[in-house]
Number of protein chains: 2
Amino acid sequence: MQAAPSIQKLLDELERLPGVGPKSAQRMAYWILNTDAAEALRLADAIREVKAGVHFCARCFNYAEGDLCEICASSKRDGAVICVVSEPRDIPPIERTAVFNGVYHVLGGVLAPMEGVGPGDLRIAELMARLGREDVTEVVLAMNPNIEGETTAAYLARLIKPLGVKVTRPASGLPVGGDLEFADEVTLGRALEGRLPL
Amino acid sequence: MQAAPSIQKLLDELERLPGVGPKSAQRMAYWILNTDAAEALRLADAIREVKAGVHFCARCFNYAEGDLCEICASSKRDGAVICVVSEPRDIPPIERTAVFNGVYHVLGGVLAPMEGVGPGDLRIAELMARLGREDVTEVVLAMNPNIEGETTAAYLARLIKPLGVKVTRPASGLPVGGDLEFADEVTLGRALEGRLPL
């Protein structure tokens, strides 16, 4: 059977979403077809609104509706500590911990020489400008703990340390609830190196 | 952190889709934020288009853009065999088999007395009208093989048989690629009852 062209188009567009295969696209399409028009259109409107109204925060390059993102605009955040992340999507998990009360800086990627991503392609100059302009005492380098992330962190540490600003990394170690038995050697090694007094 | 209101709204709407939890909604939202506006808006437009242009086929109650769905409108389909299904979403899997060349009739549910769904809530009168009007030799009852589906099939069979129309059901049995060892007794029992000569 050929699906009606507009249904086929919806299926195609849904399948472009990350993590959505043909079966989930079909399930979603039938939900959209079956549901109240007003309800389904709220999703269409929400997509339109973020594409029309959301841009980058002028200070930290997180997603923002106003000039500044909600975090930079908040008076409750400590501007002296900047957490550097690779992408805006890395901010919500950190916020959920409720442990960090500083502000952010979004690089827009990580150094990846093999894919042609050099320092000039990331918002490193903007970070250095903030360090000159703002009163910053600590920079937390929260890139993913993989090769590109570690390389980027090492590169940034070399740039920032001479300014007399404290540079830190989130600890590597055993995930809470994880099994020592199944930990890889690198993680377990880091956990032992970073052991803490009880 | 509070996400920007329009991003939060998008997350809420994405989470309403079937099979989408908070994490997948976040992944999709960041994809939408990160992607080209034109590309993201194609999804919004596709939703609008189906809600504006898709309604029920006048004959079989499948989803359709014109008066008739693509299957009813096709001259290649055999109108003498009607496959009765519960929902439009049951049609694509049957079509994918390429084994069935008849037409469909969508009931819009199954009999479920406990939930207050009686014969009057399904498109049974419309099915009987088609059997009177169209030249039908066989009705295939392809409801899900569960209690409500079987009850609905039994109810329809009692209505249709007196008209002298052949009534059939897809075979129950072992799924292809399945394990005899793990088959439940009802399925294996049906497979044995329905055994075929080789």
Practice prompt. Could you work out the mean count of beta carbons from other protein chains within 10 Å of each residue's beta carbon in A:32-42?
Written response: 5
Discussion item. Cut-off 10 angstrom, C-alpha nodes, Gaussian network model of chain A. Which of A:74, A:24, A:172 fluctuates the most?
Written reply: A:24
Worksheet item: What is the extension gain from residue A:112 to residue A:151, computed as 0.36 nm multiplied by their sequence separation minus the C-alpha to C-alpha distance, in nm to one decimal?
Response: 13.2 nm
Practice prompt. Using DSSP, restrict attention to beta bridges with both residues in chain B and report what percent are antiparallel, rounded to the nearest 5.
Written response: 20 percent
Fill in: Residue-averaged [θ]222 nm for chain B, counting only DSSP H segments that reach four residues, each worth -39500 (n - 2.57)
-13000 deg cm²/dmol
Response to the item:
So the angle from the long Cα axis of helix B:5-15 to the longest Cα principal axis of chain B, reported in degrees to the nearest 10, equals 20 degrees
Response to the item:
For chain A, longest principal axis from Cα atoms; helix A:37-53 axis from its Cα atoms; angle between them, nearest 10 degrees, is 40 degrees
Discussion item. Using a Förster radius of 22 Å, what is the FRET efficiency between residue A:159 and residue A:101 based on their Cβ-Cβ separation? Nearest 0.05, please.
Written reply: 0.35
Discussion item. Taking the Cα centre as origin and putting +1 on Lys and Arg beta-carbons and -1 on Asp and Glu beta-carbons, what dipole magnitude results for segment A:67-166, to the nearest 20 debye?
Written reply: 280 debye
Item to complete: Go ahead and run the numbers for FRET between residue A:67 and residue A:128, Cβ-Cβ distance against an R0 of 25 Å, rounding to 0.05.
Response: 0.70
Discussion item. If you take every residue apart from residue A:129 with its C-beta less than 15 Å away from the C-beta of residue A:129, what net charge results, scoring Lys and Arg +1 and Asp and Glu -1?
Written reply: +1
Item to complete: Could you please state, rounded to a whole Å, how far the C-alpha centre of segment A:144-198 is from the C-alpha centre of segment A:28-92?
Response: 29 Å
Discussion item. From the mean inverse distance of alpha carbon pairs (Kirkwood) and the Cα radius of gyration, derive Rg over Rh for segment A:39-82.
Written reply: 1.15
Worksheet entry | For segment B:120-128, 3J(HN,Hα) per residue [Karplus equation, 6.51 cos²θ - 1.76 cosθ + 1.60, θ = phi - 60°, Hz, x = Gly/Pro] | x, 8, 9, 8, 7, 4, 5, 5, 5
Worksheet item: Computed FRET efficiency, Cβ-Cβ of residue A:182 and residue B:198, R0 41 Å: what is it to the nearest 0.05?
Response: 0.30
Item to complete: Mind listing the long-range amide H neighbours of residue B:105? Cut-off is under 5 Å, sequence gap 5 or more, other chains count too, H placed in the peptide plane at 1.01 Å from N.
Response: B:83, B:84, B:85
Worksheet item: Which shape class, rounded, prolate or oblate, goes with segment A:3-52 when its Cα gyration tensor gives a ≥ b ≥ c as root eigenvalues, a/c under 1.5 marks rounded, and past that a/b bigger than b/c marks prolate?
Response: oblate
Worksheet item: Please state the Cα pair-distance histogram of chain B with 10 angstrom bins from zero: what percent is in each bin?
Response: 7, 25, 26, 22, 14, 4, 0
Worksheet item: Does anyone have the angle between helix B:147-160 and the longest principal axis of chain B? Alpha-carbon axes, 0 to 90°, nearest 10?
Response: 50 degrees
Worksheet item: Looking at segment A:109-198 from every direction and averaging, what is the projected area of its Cα convex hull in nm²?
Response: 8.0 nm²
Fill in: segment A:67-166 - share of DSSP beta bridges that are antiparallel (%, nearest 5)
10 percent
Worksheet item: Around residue B:63, which amide H atoms from residues at least 5 apart in sequence, or from another chain, sit under 5 Å from its own amide H, with H modelled in the peptide plane?
Response: B:57
Worksheet entry | Per-selection metrics, the protein assembly as shown (Cα): Rg and Dmax in Å | 29.0, 92
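The numbers here are math on the coordinates, done by the rules we state, and not lab data. Nothing here was measured: the structure is a model prediction, and the numbers come from that model. Please note: Cβ atoms are built from the backbone with ideal geometry, for glycine as well, and neighbour counts cover all protein chains shown.
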